[in-house]
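Following: one structure in structure tokens, then a few remarks.
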Amino acid sequence: MRRSMFAVLLGVSVVASGAAQTQAPRPTDPAKEKRLAWFREAKYGMFIHWGLYAIPAGEWHGRRCLGLGEWLMNRCQVPVREYEQLTTQFNPTKFDPDAWVQLAQDAGMKYMVITAKHHDGFALFKSAVSAYNVFDATPYHKDILKQLADACARHGMRLGFYYSQSQDWHEPGGAGNTWDFGPDTAPDGKTPLKKYDDYLRSKAEPQVKELLTNYGPVALIWFDTPRMMTPERGQRFADIVRTLQPDTLIDGRLGREGDYRSTGDNVIPSEASAEAWETPATTNDTWGFRKDDTNWKGPGQILFKLIDIVSKGGNYLLNVGPMADGVIPQIPQENLRTVGRWLKVNGEAVYGSGPSPFGDEYGEWTSRNARDVRGQKLFLPDAEWRATVKPGRLFLTFFAEPRVPFEIPPFRNQLLRAYRLADKAPIPLKTENGKTSFDMPRPMLDPMATVVVVEFAGDKIVR
Ligand code: JFZ
């Protein structure tokens, strides 16, 4: 049974409509594959959503604004002239760029992506194009991105920039601010009613140029919510990126094809894909800090998602939302470090590893006629184990004690030996009737996740 290539799986169950489709492999673009090499190896990155919205932190003048913290201006329809006043309070004296990079490294993350400018239009960098930025408009009077870029360079960490190219609620020509500036488009949903191209040419495009000029090598630009971004408009950004830094990756939300695919937020597909892709995800239920959101994902949940994603060929871009003073909340820090300690011991199963050669371990379609809320057939995920591969080695990561004996799904290569990754303890393999199995020693060495390495003859698994 082949599942449709990018059927999505939202927590439990959302799957793309339509029957299973076999997607023809795309012709590979060698320049693109070269740009992507580090990304495919890295697997795990830190997303940082930080801006003026960290000050109100989900509450405006005593009123809760439900939804994502960084959407406060929109959700509470705060007029530009009022929201702008936050600049006078932005003074993150506890911001320590080295501490942020250290956290990412302790967590085992290999790249960082920070909001250079989110939908509210406020830039975390010194910009000659718009004074609505941290250097010119706040008492802090320092360039956040410059400090972070320097720290990343010192520690050998790759840095990318999120840039909201289309939505800019601060500018009359930008998309999204209907409460100050009226609707973006005519009822046809296409014809701009705003001076959208003027905004793109006078702010968004020159700011992206600044990002690619003033901060050293930029690992990637993370464009987002491509409202009104025709392929032509997207191409203008792509040209800027390629001209200034040909190695910089473009994410999947520019509005024109990028270097890799971005899934929906927190969405993990239900099966593997050979195409490069990334799941952007939250550690609680918001990106920008909210004081009332304490729904933190625990280390076990984070680790499962990471291995699940890697076993499907993707990357995990996991967010933290620093507070207004520049400090990342303590609980996600601890949770990330717990996963990082696991990765120190078991990282071979993750970094540079390819997707599972199997697929049945992801779960199965319901055999009953059950539907999800969207009326689509239900996928029932399994979370007992996941597989990743390197040449000659298969990594089986167990999140729960497997049945004894555990049967290795069949493949043609000769099996050589098995051992536990964390302490190299040998695990005897038993072959009976052409089926090979092993007994996981009990109790599991690490109840959060224990990796068994199976060595096989040859480079690639042949089923
Ligand atoms: C966007 C932003 O609006 C949000 O504030 C945050 O920055 C997030 C990472 O990206 O929100 C989206 C964009 C795309 C999808 C969902 C949320 N999507 O494709 O499902």
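A few remarks follow.
- Criterion (within 12 Å of the ligand (Cβ to nearest atom), under 15 Å from the mean Cα position of the chain (by Cα) and not acidic (Asp, Glu)) met by exactly one of Ala281, Ala276: Ala281
- In this structure, Glu232 does not satisfy being more than 15 Å from the ligand (Cβ to nearest atom), charged (D, E, K, R) and closer than 20 Å to Ser353 by Cβ.
- Whichever residue in the range 40-77 is more than 23 Å from the chain's Cα centre (by Cα), touching a residue at least 40 places away in the same chain (Cβ under 8 Å) and away from the ligand (no atom under 13 Å from the Cβ) and, among such residues, is nearest to Leu103 (Cα to Cα): Ile55
- Long-range neighbours under 7 Å by Cβ, at least six apart or interchain, first residue closer than 15 Å to Tyr196 by Cα and open to solvent by less than 50 Å² (accessible area, probe 1.4 Å) within the range 223-240, second within 16 Å of the ligand (Cβ to nearest atom) and among the hydroxyl-bearing types (Ser, Thr, Tyr): Thr225/Ser164; Thr225/Ser166; Met228/Ser166; Met229/Ser166
- Scan the range 139-183 for residues that are closer than 24 Å to Leu254 by Cα, of a type in the set (Asp, Glu) and open to solvent by 20 Å² or more (accessible area, probe 1.4 Å) and the total you get is 1.
- Residue satisfying condition, being closer than 27 Å to Thr263 by Cα, more than 26 Å from the chain's Cα centre (by Cα) and among the small types (Gly, Ala, Ser), within set Gly160, Gly189, Gly182: Gly189
- Positions within the range 284-319 being among the small types (Gly, Ala, Ser), within 16 Å of the ligand (Cβ to nearest atom) and either without any contact (Cβ under 8 Å) to a residue 24 or more places away in the chain or within 30 Å of Arg64 (Cα to Cα) (or both), in sequence order: Gly288
- Residue list for the range 284-296, restricted to those being within 15 Å of the chain's Cα centre (by Cα) and either of a type in the set (A, V, I, L, M, F, W, C) or closer than 30 Å to Ala349 by Cα (or both): Asn284, Asp285, Thr286, Trp287
- In this structure, Tyr162 does satisfy being out of contact with any helix residue (DSSP H, G or I) (no Cβ under 9 Å at 6 or more places or on another chain) and within 16 Å of the ligand (Cβ to nearest atom).
- Top-ranked residue of the range 241-261 - restricted to ones that are farther than 23 Å from Trp169 by Cβ and aliphatic (A, V, I, L, M), ranked as surrounded by the fewest Cβ atoms within 10 Å (Cβ to Cβ): Leu244
- Being under 24 Å from Trp287 (Cα atoms), away from the ligand (no atom under 16 Å from the Cβ) and touching a residue at least 40 places away in the same chain (Cβ under 8 Å) is a property that Asp259 has.
- Cβ-Cβ contacts under 6 Å between residues 6 or more apart (or on different chains), taken from a first residue in the range 324-353 that is at positive phi to a second residue that is part of a helix (DSSP H, G or I), are listed as Gly352/Glu41.
- Scan of the range 315-347 for residues that are over 17 Å from Gly58 (Cα atoms) and of a type in the set (Asp, Glu), ordered by number: Glu334
- Exactly one residue out of Gln85, Gln77 is in a helix (DSSP H, G or I) and open to solvent by 40 Å² or more (accessible area, probe 1.4 Å), and it is Gln85.
- The single condition from (1) away from the ligand (no atom under 14 Å from the Cβ); (2) closer than 17 Å to Trp71 by Cα that Lys195 fails is (2).
- Count of residues meeting criterion [surrounded by 18 or more Cβ atoms within 10 Å (Cβ to Cβ) and either under 22 Å from His119 (Cβ atoms) or at pLDDT below 95 (or both)] in the range 269-288: 13
- Residue match in the range 365-378 (condition: touching a Ser or Thr at 6+ places or on another chain (Cβ under 7 Å), without any contact (Cβ under 8 Å) to a residue 60 or more places away in the chain and surrounded by 14 or more Cβ atoms within 10 Å (Cβ to Cβ)): no
- Residue within the range 113-135 that is within 21 Å of Thr282 (Cβ to Cβ), in contact with a helix residue (DSSP H, G or I) (Cβ under 8 Å, 6 or more places away or on another chain) and more than 16 Å from the ligand (Cβ to nearest atom) present: no
- Qualifying residue in the range 327-337 (condition: assigned to a loop (DSSP other than H, G, I, E, B), surrounded by fewer than 21 Cβ atoms within 10 Å (Cβ to Cβ) and not charged (D, E, K, R)): yes
The values are calculated or read from the model by the stated rules, or taken from the named source; none is laboratory data. No experiment lies behind these values; they were computed from the predicted model shown. Note that each Cβ is placed from the backbone with ideal geometry, even for glycine, and that neighbours are counted across all protein chains shown. Remember, those area values only see protein heavy atoms, side chains included, never the ligands or the DNA or RNA. Shrake-Rupley method; radii C 1.70, N 1.55, O 1.52, S 1.80 Å.
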